[in-house]
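Below is one structure, written out as structure tokens; comments come after it.
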Amino acid sequence: MLTETPNRMPPMPTPPEPHAAALAEVPSRLEYPWGDALPDSGSAIEVAPGIYWLRMGLPFALNHINLWLLRDRLPHPSQIGVMQEGWTAVDCGIDNPSTREAWQHIDQNVLQGLPILRVLVTHMHPDHMGMAHHLCARWQAPLWMSTSEYQSAAMASAGLSNFGGAATVAFFAAHGWRNPDELAVVQSRVGYYKSMVPAVPPTYVRLMDGASVTIGERRWQCLSGFGHSPEHMALHSAQDDVLISGDMLLPSISTNISVYATEPESNPLQLFLDSLSAMSHLTHETLVLPSHGRPFKGAPTRLQQLRAHHDDRLSELMACCRQQAISGHEALPTLFKRALDVHQTTFAMGEAVAHLHALWQSGQVDRRLGDDGIYRFGAAQS
């Protein structure tokens, strides 16, 4: 058996407890300014002047995505000195017949006869990226996104995907998932991404952390986030205290944080927690526009909840590792209390390995490669 000790990072520090008086000022619950109201497919709700909330269906357990339309004006591409009125679309939905139909209704009922001037995508996941090629071609609009996300989308749409195929099967097998029937399903998913993102626009405009983007009358600052995807980009308007958070800050579910076959030694959970720290300037009054769930206020509360969630999962896994060395697959019952189908298990496996890697790369556990070719994680030997 081979025991690996990586280049050790210092143990993850426990976030300092806020001063009692400051803590008392942080509400314990989130606020939902629109209550239970939801936009129908093909319609919109104006959540701030010139910012419209769209909601489109997904064929998953996570059955919807929120998209955003922002009133915009840009120099006309062919008429010097003329400004063109229109919209910036933030995220797109997957490419399937129902989403295309929903966008047709948006064109008829929401766009007010104005064109989409640009398509801004927070990250490369199919529910955000799928219709980008269609909208960009339909409106002759440029795509805006970060370089890492654009390149990852292009690779995945070309068949070099994290979501299935032989490399993904080998990665899961090395972390203890050995059921041949289930892995056959994973093997068959080599075209899974392309089925929802059939093409990627051939050019793009690069978004970078800290960059300023003017959309209409608002100036937005790009906030990069890591751990969920390669270089997720959220947008914050300080003047109106609005955050388009993408998947980095969701009100009721925790963002999936996974290790993938293409970067098998990664530590995405630490990257995600560091990204949450970068949002510490948000206030309780910040209007957060998430990709899933309802718009909410109470960002400091939600940031605390997410940290506590991952701290709890790490503590539970550490207790298991003290009893015996475990694989990623053996960690699933500790992290997920419900039955999982194959689709859900692919995400659960990535998340389990991410939490084990956080413990491993902080020096709390050692990773051992067994004679059976499976990595197991046990409490570090002092």
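The values are calculated or read from the model by the stated rules, or taken from the named source; none is laboratory data. None of these values were measured; they are calculated from a predicted model. As a convention, Cβ positions derive from the backbone with ideal geometry for all residues, glycine included, and neighbour counts pool all protein chains shown.
At a glance:
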{"quantity": "Residue check, Ser280 part of a loop (DSSP other than H, G, I, E, B), touching a residue at least 12 places away in the same chain (Cβ under 8 Å) and either hydroxyl-bearing (Ser, Thr, Tyr) or buried (at least 20 other Cβ atoms within 10 Å of the Cβ) (or both)", "calculated": "yes"}
{"quantity": "Within region 319-368, tally of residues that are charged (D, E, K, R) and in contact with a strand residue (DSSP E or B) (Cβ under 7 Å, 6 or more places away or on another chain)", "calculated": "4"}
{"quantity": "Count of region 212-236 residues which are hydroxyl-bearing (Ser, Thr, Tyr) and surrounded by 21 or more Cβ atoms within 10 Å (Cβ to Cβ)", "calculated": "1"}
{"quantity": "Considering residues of region 153-211 that are of a type in the set (Ser, Thr, Tyr) and part of a helix (DSSP H, G or I) only, the residue surrounded by the most Cβ atoms within 10 Å (Cβ to Cβ)", "calculated": "Tyr193"}
{"quantity": "Matching residues, region 349-382, being in contact with a His (Cβ under 9 Å, 6 or more places away or on another chain) and in a helix (DSSP H, G or I)", "calculated": "Met349, Ala352, Val353, His355, Leu356, Ala358"}
{"quantity": "Criterion violated by Ser224 - all others in (1) hydroxyl-bearing (Ser, Thr, Tyr); (2) assigned to a strand (DSSP E or B); (3) under 30 Å from His175 (Cα atoms); (4) touching a Pro at 6+ places or on another chain (Cβ under 7 Å) satisfied", "calculated": "(4)"}
{"quantity": "Qualifying residue in region 140-154 (condition: under 30 Å from Gly227 (Cβ atoms) and among the β-branched types (Val, Ile, Thr))", "calculated": "yes"}
{"quantity": "Qualifying strands (runs of 3 or more DSSP E) (wholly inside region 43-141; at least 3 residues being at negative phi and either crowded, with 20+ Cβ neighbours inside 10 Å or at pLDDT below 95 (or both))", "calculated": "51-57, 64-75, 83-90, 116-120"}
{"quantity": "Any hit, region 264-276, residues being among the polar types (S, T, N, Q), within 21 Å of Ser362 (Cα to Cα) and outside any loop (DSSP other than H, G, I, E, B)", "calculated": "yes"}
{"quantity": "Pair list, Cβ < 7 Å and 6+ apart or interchain, from region 229-245 residues that are over 24 Å from Ala153 (Cα atoms) to residues that are in a loop (DSSP other than H, G, I, E, B) and among the acidic types (Asp, Glu)", "calculated": "Asp241/Glu285"}
{"quantity": "Identity of the residue in region 283-295, β-branched (Val, Ile, Thr) and part of a loop (DSSP other than H, G, I, E, B), that ends up surrounded by the most Cβ atoms within 10 Å (Cβ to Cβ)", "calculated": "Thr286"}
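Residue by residue, here is whether (1) modelled with pLDDT of 95 or more; (2) assigned to a helix (DSSP H, G or I); (3) under 23 Å from the mean Cα position of the chain (by Cα) holds:
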residue: Leu306; (1), (2), (3): yes, yes, yes
residue: Asp312; (1), (2), (3): yes, yes, yes
residue: Glu316; (1), (2), (3): yes, yes, no
residue: Glu330; (1), (2), (3): yes, yes, no
residue: Arg338; (1), (2), (3): no, no, yes
residue: Gln344; (1), (2), (3): no, yes, yes
